[in-house]
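Peer 1: What follows is a single structure, and I will ask about it in a moment.
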Amino acid sequence: MAGECQNAFCVVRPPGHHAGPRGQVTAEDDPDGGSHGFCLFNNVAVAAAYARHMYRHKGIQRVAILDFDVHHGNGTEALVRNLEPTTVTNTFPTLFGDVTLESPSYKPWLDETDSDNVLFVSLHGYGHGFYPSSGRTGADRPVFNVGWPLCKDKNQASRDWRTAWRNAVMPALKDFKPDMIFLSCGLDGHRKDEMNHGFVCLQETDYEWLTEQVVEVANVHCQGQCVVV
């Protein structure tokens with residue numbers, strides 16, 4: 001924002017995309033589970049909220065977070081969902097049976113226009129009980145999820161992954177016209193990483209290609225301001 005550089009690659013660990021507004025985030029397919037993963041703070045969401053709040057008078061209104069970790073960014077989604085007033089339901093066991101409590105939940109980053117000015121996109125492995133069992137494909141502003149199936153052909157997987165970004169995600173990002181772009185950069189979708197259990201199956205050249213695509217959009221819409229975490 002001081003004009004000293006256009007973009008930044010922050011070599012920190014981790015982006016924090018499993019940490020939600022109350023820490024643990026559960027899923028419909030795994031309501032009794034849920035985890036922080038390795039995440040204590042959602043660094044990418046904090047940065048996006050900070051940019052929208054602190055630099056609102058310097059041209060930062062619309063912020064986009066793109067997540068290409070092999071796991072769904074469930075914590076980031078929960079934080080973005082919490083930009084609109086919702087009701088949280090919690091059930092607690094007691095001596096007299098389960099007690100269900102409902103409470104309002106709302107945590108704006110700036111004001112009531114947050115949900116119109118924030119976009120979160122996550123493209124990740126989905127299915128077969130793959131952690132965190134959330135993020136099925138669907139677009140429901142301000143969230144855009146693409147759940148990716150188990151790889152059958154690694155070379156075709158790379159081509160299909162690029163096609164999904166090119167034909168589905170990039171048009172939505174361009175239409176959004178962000179003032180700053182954040183990349184939640186998890187590299188565990190690499191085909192040599194055993195943690196992905198055969199989902200996504202990317203190579204270094206795929207990450208290079210995606211970064212170039214995102215920087216092109218940043219150069220058009222936000223003076224190249226792109227932060228990779």
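The values are calculated or read from the model by the stated rules, or taken from the named source; none is laboratory data. Fair warning: this is a prediction, and the values are worked out from it, not measured in the lab. Cβ placement follows ideal geometry from the backbone for every residue including glycine, while neighbour counts extend to all protein chains displayed. Accessible surface is based on the protein model in full, side chains and every heavy atom, while ligands, DNA and RNA are left aside. Shrake-Rupley method; radii C 1.70, N 1.55, O 1.52, S 1.80 Å.
Peer 1: Is at least one residue of segment 34-56 outside any helix (DSSP H, G or I), aromatic (F, W, Y), under 16 Å from the mean Cα position of the chain (by Cα) and surrounded by fewer than 23 Cβ atoms within 10 Å (Cβ to Cβ)?
Peer 2: The initial filter retains those residues of segment 34-56 that are outside any helix (DSSP H, G or I), namely 34-42, 55.
So of that shortlist, the ones also aromatic (F, W, Y) come out as 38, 41, 55.
Filter once more, so that each one left must be under 16 Å from the mean Cα position of the chain (by Cα): 38, 41.
Now restrict to residues that are surrounded by fewer than 23 Cβ atoms within 10 Å (Cβ to Cβ): 38, 41.
Yes, segment 34-56 has at least one match.
Peer 1: Oh, and also: Can you pull out the residues in segment 140-150 that are open to solvent by 80 Å² or more (accessible area, probe 1.4 Å) and assigned to a strand (DSSP E or B)?
Peer 2: Across segment 140-150, the qualifying residue is only D140.
Peer 1: For segment 104-139, give me each residue that is touching a Pro at 6+ places or on another chain (Cβ under 9 Å), among the hydroxyl-bearing types (S, T, Y) and either buried (at least 22 other Cβ atoms within 10 Å of the Cβ) or within 25 Å of M195 (Cα to Cα) (or both).
Peer 2: Y126
Peer 1: Taking the condition under 15 Å from L123 (Cα atoms), at pLDDT 95 or above and under 19 Å from the mean Cα position of the chain (by Cα), does F176 pass?
Peer 2: Values: under 15 Å from L123 (Cα atoms): no; at pLDDT 95 or above: yes; under 19 Å from the mean Cα position of the chain (by Cα): yes.
For F176, the condition - under 15 Å from L123 (Cα atoms), at pLDDT 95 or above and under 19 Å from the mean Cα position of the chain (by Cα) - is not met.
Peer 1: To continue, here is another question. Could you tell me whether F9 is within 30 Å of A157 (Cβ to Cβ), aromatic (F, W, Y) and open to solvent by 50 Å² or more (accessible area, probe 1.4 Å)? Step through it out loud before you land on a result.
Peer 2: Working: within 30 Å of A157 (Cβ to Cβ): yes; aromatic (F, W, Y): yes; open to solvent by 50 Å² or more (accessible area, probe 1.4 Å): yes.
Here the answer is yes, as F9 does meet what is asked.
Peer 1: Show the residue pairs that are 6+ apart or on different chains and have beta-carbon atoms under 7 Å apart, the first residue being within segment 8-29 and closer than 14 Å to D69 by Cα, the second being open to solvent by less than 20 Å² (accessible area, probe 1.4 Å) and of a type in the set (S, T, Y).
Peer 2: P15/S184; H17/T76; H17/S184
Peer 1: While we're on this one: Of (1) under 18 Å from D188 (Cα atoms); (2) of a type in the set (D, E); (3) surrounded by fewer than 20 Cβ atoms within 10 Å (Cβ to Cβ), D29 satisfies all except one. Which?
Peer 2: Checking D29 against (1) under 18 Å from D188 (Cα atoms); (2) of a type in the set (D, E); (3) surrounded by fewer than 20 Cβ atoms within 10 Å (Cβ to Cβ), the one that fails is (1).
Peer 1: Let me ask you something else. Does any residue in segment 141-159 that is closer than 18 Å to S122 by Cα and of a type in the set (K, R) come within less than 9 Å, Cβ to Cβ, of a residue that is at pLDDT 90 or above and surrounded by 18 or more Cβ atoms within 10 Å (Cβ to Cβ) six or more places away or on a different chain, and which pairs are these?
Peer 2: Final answer for the pair search is R141/L119.
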